[in-house]
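To start, the structure itself, in structure tokens.
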Amino acid sequence: MSTDHLTRADYEAIERELDALREEIVADRGDRDAAYIHRVIRWQRGLEIGGRALLMASSLPPAWLAGTATLSVAKILENMEIGHNVMHGQWDWMRDPKIHSTTWEWDNVSPAEQWKHSHNFVHHTYTNVIGKDNDVGYGILRVSPEQPWHWAYLPQPLVNAVLAMFFEYGVALHDLEIDKIREGTNDPEETRAKLREIGRKIRRQWGKDYLAFPLLSGPQFVSTLAANFTANAVRNVWAHTIIFCGHFPGDVEVFEEERLEGETKGEWYVRQLLGSANISGGRLFHLMTGNLSHQIEHHLFPDLPSNRYAEIAPRVRALCEKYDLPYHSGSLSQQVTSTWKKIFRYALPGPRRSAPSPSSTPSVPEPAAA
């Protein structure tokens, strides 16, 4: 979408309004927010304990199904609503060392420190900027006509299906910056150090899920191992689905690096609005997505408590209407269908299209003073 209709004054007004919205929520953080995250953590830990207890009898099909389902939900909550958001610093204001971005290590194979660099810094700074944001196609997929086509993209529907099932491993490798490795511009020692840390994290996760807990179940070793593998796969597919549906469906835009030249905070806000999409649903659905179903609000305010996104979403939508900006939102089925259409379409060659150019607002004259 063109933003040529926005003047410099519009960008400044958008910046002021969104800054004021953020400051309002920051000033209002308190007991109800703390109670929320503590409640979610209690439920998550209870579900994990319950799921693993059920799997002690995993040779019985009902126990296997119930234990696997319960453990899957626990892993989704830990990954999405707790781990992702805690490591964003959403709860650092509580000054609780147990729920702090500097101490949390989540339940998947991606080392927390590497994820915080590739996600919190790179992705949230350069959202949807081709050549800067590695989340645009994750370095292996073509999700926009602005990306030049290569024959290697032809099998990407299959590649994406495999990525979904093993998504935590794709995330773990994300901070390696695969493009730099291909081009030979990476620091080999830094790459080796990151790979060693990834290897250590994989060993810890495999030791827990595929050795320790199966051994604790005794004669149910194989069925418990299969249940743990299934729970991890369910979590991976769900996380992949929610994240892709927040970044790639419909008319969500990507941008060229030139967009960053002289970018103001107001222009950064607008880039987040144009480059994100929400998924409609109820409270339980939002909880299970880690409130990333409010991807627009998350991209605008990544360090605000996730339980506040639903509260501010109507005000963000109203701002978009006020300034004639899109507010991408749809049901899960709509966003999944739209995203997979792109995966299939852009696997094939097509015309190269330039991403939206930098804002032309500096050349727009300000209205004369009255």
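The values are calculated or read from the model by the stated rules, or taken from the named source; none is laboratory data. Computed from a prediction, not measured in an experiment: that's the story for all the values here. Every residue, glycine among them, receives a Cβ derived from its backbone with ideal geometry; neighbour counts consider all protein chains shown. Ligands, DNA and RNA are stripped out before the accessible areas are found, and what is left, the full protein with its side chains, is counted by its heavy atoms. Shrake-Rupley method; radii C 1.70, N 1.55, O 1.52, S 1.80 Å.
Overview of results
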{"item": "Filtered residue count, the stretch 215-225, keeping only those that are crowded, with 16+ Cβ neighbours inside 10 Å and assigned to a helix (DSSP H, G or I)", "result": "5"}
{"item": "Candidates Leu176, Leu163 - the one that is among the hydrophobic types (A, V, I, L, M, F, W, C), in a loop (DSSP other than H, G, I, E, B) and open to solvent by less than 60 Å² (accessible area, probe 1.4 Å)", "result": "Leu176"}
{"item": "Residue list for the stretch 101-131, filter: open to solvent by 40 Å² or more (accessible area, probe 1.4 Å), over 19 Å from Ala172 (Cα atoms) and part of a loop (DSSP other than H, G, I, E, B)", "result": "Tyr126, Gly131"}
{"item": "Residue match in the stretch 348-369 (condition: more than 22 Å from Tyr36 (Cα to Cα), out of contact with any His (no Cβ under 9 Å at 6 or more places or on another chain) and modelled with pLDDT of 95 or more)", "result": "yes"}
{"item": "Which listed residue, of Arg204, Arg235, is within 25 Å of Ile41 (Cβ to Cβ), open to solvent by 60 Å² or more (accessible area, probe 1.4 Å) and part of a helix (DSSP H, G or I)", "result": "Arg204"}
{"item": "Filter pass, Ala161 being within 20 Å of Lys342 (Cβ to Cβ) and either touching a Gly at 6+ places or on another chain (Cβ under 6 Å) or modelled with pLDDT of 90 or more (or both)", "result": "yes"}
{"item": "Among (1) of a type outside the set (Asp, Glu); (2) open to solvent by less than 20 Å² (accessible area, probe 1.4 Å); (3) in contact with a Ser or Thr (Cβ under 9 Å, 6 or more places away or on another chain), the one test that Ile181 misses", "result": "(2)"}
{"item": "Residue under evaluation Gly67, criteria (1) farther than 18 Å from Ser223 by Cβ; (2) in contact (Cβ under 8 Å) with a residue 40 or more places away in the chain, criterion not met", "result": "(1)"}
{"item": "Top-ranked residue of the stretch 1-21 - restricted to ones that are in a helix (DSSP H, G or I) and open to solvent by 70 Å² or more (accessible area, probe 1.4 Å), ranked as farthest from Gln220 (Cα to Cα)", "result": "Arg8"}
{"item": "Conditions (1) out of contact with any Ser or Thr (no Cβ under 9 Å at 6 or more places or on another chain); (2) in a loop (DSSP other than H, G, I, E, B): number failed by Gly250", "result": "(1)"}
